[in-house]
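Before any comments, here is the structure.
Taken together, the values in this text are just the output of simple stated rules run on the coordinates, not laboratory data. Values in this document were obtained by computation on a predicted structure and should not be read as measured data. Note that each Cβ is placed from the backbone with ideal geometry, even for glycine, and that neighbours are counted across all protein chains shown.
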Amino acid sequence: MENDAMLIDDREDLIAVLRMRFGDIPGKMIEEIYEIEDMSTLQRLILAAANASSWKVFLEEFQAGTQSYRLVGEDFNPLANILKGRDGDIGKAE
């Protein structure tokens with residue numbers, strides 16, 4: 001029961017971080033987030049959402065599933081958009 005509550009909290013935290021960083025997110029992605037049952041994956045995605053330099057970078061990490069282990073490099077520098085003048089909005093995602 002406690003584990004279920006933690007999963008729910010992590011899902012809600014991930015959605016909240018995504019909205020803070022990138023604005024509205026697609027309903028399909030929210031559905032996919034609620035299908036995640038692995039707490040480690042959710043926690044990794046929360047870190048990715050907080051640190052990804054763009055929506056595109058986050059999507060790549062999201063689609064990597066459990067195959068991704070490390071969040072390193074300029075792709076996970078949340079200031080990269082400001083420093084390089086790139087826009088990370090969802091509307092600009094490919």
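Brief remarks on what is shown
- Ranked by the mean number of other Cβ atoms within 10 Å of their residues, highest first, the peptides 28-35, 10-17, 46-53 come out as 46-53, 10-17, 28-35.
- Nonlocal amide H pairs with Ser53, under 5 Å, H built at 1.01 Å: Phe76, Asn77
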